[in-house]
Amino acid sequence: MNYLTKDNAQDLNFIKDIISKAGYKGEVRAMVGGSKSFAFAVGDGVVRFPKAEVIWRTMQRENQILTEIYPLISDKFKNKIHQISLVDGEYPFSVVKRFVGKICDNRDDEVNALKVQNLPKDKQENLAQTLAEFFVMMHKIDYTKLHIPPKNETIDNWDVTQKADFDYAKARDALKKISPFDLDDYRCENKNENLALCHNDLSGSNMLLNQDKEDILEGIIDFANAVIEPKYLDFFPLYKINRNLAVEVIKRYNELVDDKIDIKQTDFTMLAYIGYNLAKMDNPHPYFMKILKLFSN
(Lines give C-alpha, C1' and ligand atoms only; values in the text may rest on other atoms or scores of the structure.)
Protein backbone atom coordinates (compact mmCIF):
# COMPACT_ATOMS: atom_id res chain seq x y z
CA MET A 1 0.00 0.00 0.00
CA ASN A 2 1.34 3.42 -1.03
CA TYR A 3 0.39 7.00 -0.25
CA LEU A 4 0.51 10.03 -2.50
CA THR A 5 3.33 12.51 -2.22
CA LYS A 6 3.25 16.20 -3.00
CA ASP A 7 4.88 15.46 -6.36
CA ASN A 8 2.65 12.69 -7.74
CA ALA A 9 -0.45 14.41 -6.34
CA GLN A 10 0.17 17.15 -8.92
CA ASP A 11 0.00 14.66 -11.80
CA LEU A 12 -3.71 14.66 -12.65
CA ASN A 13 -3.28 11.95 -15.28
CA PHE A 14 -1.74 9.73 -12.62
CA ILE A 15 -4.67 10.45 -10.29
CA LYS A 16 -7.21 9.86 -13.05
CA ASP A 17 -5.63 6.49 -13.84
CA ILE A 18 -5.86 5.36 -10.19
CA ILE A 19 -9.50 6.29 -9.72
CA SER A 20 -10.63 5.11 -13.17
CA LYS A 21 -9.31 1.62 -12.39
CA ALA A 22 -11.69 1.66 -9.40
CA GLY A 23 -14.61 2.57 -11.66
CA TYR A 24 -14.81 6.32 -11.04
CA LYS A 25 -14.95 8.34 -14.25
CA GLY A 26 -14.91 12.03 -15.05
CA GLU A 27 -12.71 15.09 -15.20
CA VAL A 28 -10.25 15.32 -12.31
CA ARG A 29 -9.71 18.68 -10.66
CA ALA A 30 -7.46 19.39 -7.70
CA MET A 31 -9.21 20.91 -4.70
CA VAL A 32 -7.95 22.77 -1.67
CA GLY A 33 -6.73 20.01 0.60
CA GLY A 34 -5.88 19.86 4.26
CA SER A 35 -2.91 18.57 6.19
CA LYS A 36 -4.24 15.00 6.17
CA SER A 37 -5.19 14.31 2.56
CA PHE A 38 -5.03 15.34 -1.10
CA ALA A 39 -8.49 16.13 -2.44
CA PHE A 40 -9.83 16.00 -6.00
CA ALA A 41 -13.21 16.73 -7.55
CA VAL A 42 -14.35 13.93 -9.85
CA GLY A 43 -17.80 14.38 -11.38
CA ASP A 44 -20.19 15.07 -8.52
CA GLY A 45 -17.88 13.44 -5.98
CA VAL A 46 -14.78 14.23 -3.95
CA VAL A 47 -11.88 11.79 -3.82
CA ARG A 48 -9.44 12.05 -0.91
CA PHE A 49 -6.08 10.31 -0.79
CA PRO A 50 -4.64 9.97 2.73
CA LYS A 51 -1.09 11.18 3.19
CA ALA A 52 -0.11 8.40 5.60
CA GLU A 53 -1.21 5.10 7.11
CA VAL A 54 -2.56 6.78 10.23
CA ILE A 55 -4.82 8.97 8.08
CA TRP A 56 -6.10 5.93 6.18
CA ARG A 57 -7.02 4.34 9.51
CA THR A 58 -8.82 7.58 10.36
CA MET A 59 -10.84 7.33 7.14
CA GLN A 60 -11.75 3.76 8.04
CA ARG A 61 -12.85 4.98 11.45
CA GLU A 62 -15.07 7.64 9.87
CA ASN A 63 -16.66 5.07 7.59
CA GLN A 64 -17.49 2.88 10.58
CA ILE A 65 -18.98 5.79 12.52
CA LEU A 66 -21.14 7.01 9.63
CA THR A 67 -22.40 3.49 9.00
CA GLU A 68 -23.47 3.32 12.65
CA ILE A 69 -25.16 6.70 12.94
CA TYR A 70 -26.58 7.33 9.47
CA PRO A 71 -29.84 5.44 10.12
CA LEU A 72 -30.33 7.67 13.18
CA ILE A 73 -29.84 10.98 11.39
CA SER A 74 -32.97 13.12 11.05
CA ASP A 75 -34.42 13.90 7.61
CA LYS A 76 -33.24 17.51 7.83
CA PHE A 77 -29.62 16.40 7.99
CA LYS A 78 -29.73 13.36 5.70
CA ASN A 79 -28.74 15.55 2.73
CA LYS A 80 -26.17 17.47 4.76
CA ILE A 81 -24.23 14.39 5.85
CA HIS A 82 -22.95 12.00 3.21
CA GLN A 83 -21.74 8.47 3.72
CA ILE A 84 -18.33 7.63 2.29
CA SER A 85 -16.98 4.77 0.21
CA LEU A 86 -13.47 3.39 0.69
CA VAL A 87 -11.28 2.00 -2.07
CA ASP A 88 -8.52 -0.16 -0.66
CA GLY A 89 -5.92 -0.51 -3.42
CA GLU A 90 -2.30 0.29 -4.16
CA TYR A 91 -3.15 3.93 -3.43
CA PRO A 92 -6.15 3.87 -1.07
CA PHE A 93 -8.72 6.66 -1.19
CA SER A 94 -12.19 7.64 -0.05
CA VAL A 95 -15.09 8.90 -2.15
CA VAL A 96 -17.97 11.06 -1.02
CA LYS A 97 -20.62 13.09 -2.83
CA ARG A 98 -19.48 16.68 -3.27
CA PHE A 99 -21.21 19.57 -1.54
CA VAL A 100 -21.58 22.78 -3.54
CA GLY A 101 -20.38 25.41 -1.11
CA LYS A 102 -17.49 27.16 0.58
CA ILE A 103 -15.82 26.35 3.86
CA CYS A 104 -16.70 28.56 6.82
CA ASP A 105 -13.19 29.73 7.59
CA ASN A 106 -11.27 32.88 8.50
CA ARG A 107 -8.66 32.47 5.80
CA ASP A 108 -8.35 35.23 3.22
CA ASP A 109 -9.59 33.12 0.32
CA GLU A 110 -12.83 34.45 -1.15
CA VAL A 111 -12.89 31.72 -3.80
CA ASN A 112 -13.05 28.80 -1.38
CA ALA A 113 -13.98 30.30 2.00
CA LEU A 114 -16.54 32.53 3.70
CA LYS A 115 -16.06 34.48 6.91
CA VAL A 116 -19.09 34.09 9.10
CA GLN A 117 -18.80 37.68 10.38
CA ASN A 118 -19.18 38.92 6.79
CA LEU A 119 -22.43 37.07 6.18
CA PRO A 120 -25.78 38.94 6.25
CA LYS A 121 -27.41 38.85 9.66
CA ASP A 122 -30.23 36.57 8.53
CA LYS A 123 -27.70 34.06 7.18
CA GLN A 124 -25.74 34.14 10.44
CA GLU A 125 -28.94 33.48 12.39
CA ASN A 126 -29.95 30.66 10.05
CA LEU A 127 -26.53 29.05 10.40
CA ALA A 128 -26.60 29.29 14.20
CA GLN A 129 -30.07 27.73 14.37
CA THR A 130 -29.19 24.85 12.05
CA LEU A 131 -25.97 24.11 13.93
CA ALA A 132 -27.85 24.13 17.23
CA GLU A 133 -30.33 21.61 15.81
CA PHE A 134 -27.46 19.46 14.54
CA PHE A 135 -25.87 19.31 17.99
CA VAL A 136 -29.23 18.48 19.58
CA MET A 137 -29.70 15.63 17.12
CA MET A 138 -26.20 14.24 17.72
CA HIS A 139 -26.40 14.49 21.50
CA LYS A 140 -29.76 12.71 21.63
CA ILE A 141 -28.37 9.63 19.90
CA ASP A 142 -28.16 6.72 22.33
CA TYR A 143 -24.46 6.02 21.98
CA THR A 144 -24.68 3.06 24.37
CA LYS A 145 -26.31 1.07 21.58
CA LEU A 146 -23.55 1.87 19.06
CA HIS A 147 -20.01 0.67 18.53
CA ILE A 148 -18.13 3.94 18.36
CA PRO A 149 -14.37 3.32 18.15
CA PRO A 150 -12.31 4.73 21.03
CA LYS A 151 -10.10 7.77 20.55
CA ASN A 152 -6.84 7.26 18.70
CA GLU A 153 -3.67 9.31 18.37
CA THR A 154 -5.10 11.61 15.68
CA ILE A 155 -7.98 12.92 17.83
CA ASP A 156 -7.42 16.05 19.86
CA ASN A 157 -8.59 16.49 23.43
CA TRP A 158 -9.74 20.10 23.59
CA ASP A 159 -9.79 20.16 27.39
CA VAL A 160 -6.13 20.97 28.03
CA THR A 161 -6.73 21.11 31.78
CA GLN A 162 -6.68 17.30 31.65
CA LYS A 163 -3.16 17.23 30.24
CA ALA A 164 -0.39 16.16 32.60
CA ASP A 165 1.66 19.29 31.86
CA PHE A 166 -1.18 21.81 32.26
CA ASP A 167 -0.18 24.55 34.71
CA TYR A 168 -3.08 26.85 35.54
CA ALA A 169 -0.90 29.69 36.84
CA LYS A 170 1.32 29.68 33.76
CA ALA A 171 -1.65 29.52 31.39
CA ARG A 172 -3.36 32.37 33.23
CA ASP A 173 -0.23 34.55 33.21
CA ALA A 174 0.48 33.90 29.52
CA LEU A 175 -3.08 34.87 28.61
CA LYS A 176 -3.06 38.04 30.73
CA LYS A 177 0.19 39.23 29.12
CA ILE A 178 -1.40 39.63 25.71
CA SER A 179 -5.13 40.00 26.36
CA PRO A 180 -7.69 41.50 28.76
CA PHE A 181 -8.88 38.01 29.75
CA ASP A 182 -8.29 36.51 33.17
CA LEU A 183 -9.01 32.79 33.56
CA ASP A 184 -10.16 33.44 37.12
CA ASP A 185 -13.14 35.36 35.73
CA TYR A 186 -14.29 32.37 33.68
CA ARG A 187 -14.27 29.62 36.28
CA CYS A 188 -17.60 27.81 36.12
CA GLU A 189 -19.13 26.33 39.26
CA ASN A 190 -21.99 24.48 37.55
CA LYS A 191 -20.12 22.44 34.98
CA ASN A 192 -22.09 20.18 32.67
CA GLU A 193 -19.98 17.03 32.29
CA ASN A 194 -22.72 14.86 30.78
CA LEU A 195 -21.53 12.59 28.01
CA ALA A 196 -22.85 12.51 24.46
CA LEU A 197 -21.86 11.41 20.99
CA CYS A 198 -19.99 14.45 19.67
CA HIS A 199 -18.78 15.40 16.20
CA ASN A 200 -15.81 16.89 18.07
CA ASP A 201 -14.33 18.77 15.10
CA LEU A 202 -17.00 21.06 13.66
CA SER A 203 -14.54 23.80 12.78
CA GLY A 204 -14.83 26.00 9.71
CA SER A 205 -13.14 23.60 7.34
CA ASN A 206 -15.70 20.90 8.15
CA MET A 207 -18.84 22.82 7.28
CA LEU A 208 -19.81 23.93 3.78
CA LEU A 209 -21.93 27.03 3.23
CA ASN A 210 -24.01 28.01 0.21
CA GLN A 211 -25.16 31.64 0.29
CA ASP A 212 -27.54 31.04 -2.60
CA LYS A 213 -29.76 28.85 -0.43
CA GLU A 214 -32.14 29.94 2.31
CA ASP A 215 -30.70 27.18 4.48
CA ILE A 216 -27.07 28.27 4.23
CA LEU A 217 -25.50 25.17 5.80
CA GLU A 218 -24.96 22.94 2.78
CA GLY A 219 -23.00 20.15 4.38
CA ILE A 220 -21.14 18.78 7.40
CA ILE A 221 -18.11 16.60 6.84
CA ASP A 222 -15.34 14.71 8.65
CA PHE A 223 -16.86 12.52 11.33
CA ALA A 224 -13.52 10.77 11.84
CA ASN A 225 -13.00 12.59 15.16
CA ALA A 226 -16.44 11.75 16.54
CA VAL A 227 -16.20 10.50 20.11
CA ILE A 228 -18.20 10.00 23.26
CA GLU A 229 -17.18 12.84 25.58
CA PRO A 230 -18.63 15.67 27.70
CA LYS A 231 -20.96 17.35 25.27
CA TYR A 232 -19.86 20.91 26.07
CA LEU A 233 -16.59 20.14 24.25
CA ASP A 234 -18.54 19.75 21.00
CA PHE A 235 -18.91 23.54 20.84
CA PHE A 236 -15.19 24.22 21.25
CA PRO A 237 -14.27 24.13 17.52
CA LEU A 238 -16.83 26.87 16.80
CA TYR A 239 -14.68 29.26 18.81
CA LYS A 240 -11.96 28.82 16.21
CA ILE A 241 -14.37 30.35 13.71
CA ASN A 242 -15.82 33.11 15.85
CA ARG A 243 -16.87 33.27 19.50
CA ASN A 244 -20.06 35.13 18.57
CA LEU A 245 -21.12 32.16 16.46
CA ALA A 246 -20.32 29.73 19.29
CA VAL A 247 -22.29 31.77 21.80
CA GLU A 248 -25.30 32.11 19.51
CA VAL A 249 -25.32 28.38 18.76
CA ILE A 250 -25.15 27.51 22.47
CA LYS A 251 -27.97 29.94 23.29
CA ARG A 252 -30.20 28.37 20.66
CA TYR A 253 -29.16 24.88 21.73
CA ASN A 254 -30.18 25.69 25.32
CA GLU A 255 -33.61 26.71 24.08
CA LEU A 256 -34.10 23.22 22.65
CA VAL A 257 -32.84 21.06 25.53
CA ASP A 258 -33.27 20.72 29.28
CA ASP A 259 -29.62 19.73 29.83
CA LYS A 260 -28.13 23.16 29.20
CA ILE A 261 -24.55 24.34 28.62
CA ASP A 262 -23.09 27.32 30.50
CA ILE A 263 -21.32 29.62 28.05
CA LYS A 264 -18.87 30.46 30.82
CA GLN A 265 -17.77 26.82 30.75
CA THR A 266 -17.01 26.86 27.01
CA ASP A 267 -15.35 30.30 27.26
CA PHE A 268 -13.03 28.95 29.95
CA THR A 269 -12.18 25.90 27.83
CA MET A 270 -11.06 28.03 24.90
CA LEU A 271 -9.14 30.57 26.99
CA ALA A 272 -7.40 27.80 28.93
CA TYR A 273 -6.49 26.19 25.60
CA ILE A 274 -4.97 29.43 24.33
CA GLY A 275 -3.17 30.17 27.60
CA TYR A 276 -1.75 26.63 27.73
CA ASN A 277 -0.29 26.98 24.24
CA LEU A 278 0.93 30.57 24.73
CA ALA A 279 2.84 29.50 27.84
CA LYS A 280 4.99 27.29 25.62
CA MET A 281 5.85 30.02 23.12
CA ASP A 282 8.41 32.80 23.11
CA ASN A 283 6.13 34.88 20.88
CA PRO A 284 2.35 34.56 20.45
CA HIS A 285 1.38 32.68 17.31
CA PRO A 286 -0.86 34.68 14.89
CA TYR A 287 -3.40 31.86 14.99
CA PHE A 288 -4.11 32.41 18.67
CA MET A 289 -4.08 36.17 18.27
CA LYS A 290 -6.74 35.90 15.58
CA ILE A 291 -8.97 33.79 17.84
CA LEU A 292 -8.54 36.27 20.70
CA LYS A 293 -9.38 39.18 18.42
CA LEU A 294 -12.63 37.52 17.36
CA PHE A 295 -13.22 36.52 20.99
CA SER A 296 -13.14 40.21 21.93
CA ASN A 297 -15.65 41.35 19.34
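Across the range 133-196, the convex hull enclosing all Cα atoms gives 170 Å³ per residue. Extension gain for Asp173-Lys21 works out to 49.0 nm (0.36 nm per residue, less the C-alpha to C-alpha distance).
Tell me the carbon and sulfur percent of the accessible area for the chain, rounded to whole percent, probe radius 1.4 Å.
On the way: 6750 of 14730 Å².
Result for the chain: 46 percent of the exposed heavy-atom area is carbon or sulfur.
The angle separating the long axis of helix 12-21 from the principal Cα axis of greatest extent in the chain is about 70 degrees.
Full extension of the segment from Glu125 to Val111, taken as 0.36 nm per residue of separation minus the current Cα-Cα distance, would add 2.8 nm.
Sparsely packed loop sites in the range 45-128 (the GluC sites (Glu not before Pro) outside DSSP H, G, I, E and B with at most 11 other Cβ atoms within 10 Å) comprise Glu90, Glu110. Quick check: the angle from helix 286-296's long axis to the longest principal axis of the chain, C-alpha only, nearest 10 degrees? Tilt relative to the chain: about 50 degrees.
Expressed in nm to one decimal, what extension gain is obtained for the pair Asp156 and Asn8 from 0.36 nm per residue of sequence separation less their Cα-Cα distance?
Details: separation 148, 0.36 × 148 = 53.28 nm, distance 2.96 nm.
Stretched out fully, the Asp156 to Asn8 stretch lengthens by 50.3 nm.
Relative to the dominant Cα principal axis of the chain, helix 168-178 is inclined by about 90°.
Using the heavy atoms of the protein chains and a 1.4 angstrom probe, tell me the accessible area per residue for the chain in square angstrom.
Values: 14730 Å² over 297 residues.
Value for the chain: 50 Å² per residue.
Taking label points 7 Å from Cα along the Cα-to-Cβ direction, Ala41 and Lys191 give a separation of 4.5 nm.
Pairs of Cα atoms under 8 Å, at least six residues apart: use those to get the relative contact order of the chain, whole percent. Don't skip to the answer; put the middle values down first.
Working: 473 pairs, mean separation 56.9, N = 297.
Contact order relative to length: 19 percent.
Counting other C-beta atoms within 10 Å, and keeping those with at most 13, which DSSP coil GluC sites (Glu not before Pro) do you find in the range 213-297? Sites meeting the loop and neighbour criteria: Glu214.
Could you please state, rounded to a whole Å, how far the C-alpha centre of the range 47-93 is from the C-alpha centre of the range 216-234? Centre-to-centre distance over Cα atoms comes out at 14 Å. Where only DSSP H runs of four or more residues are counted, the chain gives -11000 deg cm²/dmol as its mean residue ellipticity at 222 nm, each run worth -39500 (n - 2.57). Between Asn118 and Met31, the modelled label-to-label distance comes to 2.1 nm, taking each label 7 Å out from Cα in the direction of the beta carbon. Convex hull volume of the Cα atoms of the range 138-246, normalised per residue: 159 Å³. Within the range 15-80, the trypsin sites (Lys or Arg not before Pro) that combine a DSSP coil assignment with at most 14 other C-beta atoms in a 10 angstrom radius are Lys25.
Rounded, prolate or oblate: which one fits the range 34-120, using the alpha carbon gyration tensor with axes a ≥ b ≥ c (rounded when a/c is under 1.5, else prolate when a/b beats b/c, else oblate)? Here the range 34-120 falls in the oblate category. Take the Kirkwood radius over Cα pairs of the chain, plug it into Stokes-Einstein at 25 °C and 0.890 mPa s, and you get 120 µm²/s for translational diffusion. Can you classify the range 92-154 as rounded, prolate or oblate using the Cα gyration tensor, where a ≥ b ≥ c are the square roots of its eigenvalues, rounded means a/c under 1.5, and otherwise it's prolate if a/b beats b/c and oblate if not? Since a/c reaches 1.5 but b/c is at least a/b, the shape of the range 92-154 is classed as oblate.
The values are calculated or read from the model by the stated rules, or taken from the named source; none is laboratory data. These numbers come from a predicted model, not from an experiment. Heads up, the Cβs are rebuilt from the backbone with ideal geometry, glycines too, and the neighbour counts pull from every protein chain shown. The area values use the complete protein model at the heavy-atom level, side chains included, leaving out ligands, DNA and RNA. Shrake-Rupley method; radii C 1.70, N 1.55, O 1.52, S 1.80 Å.
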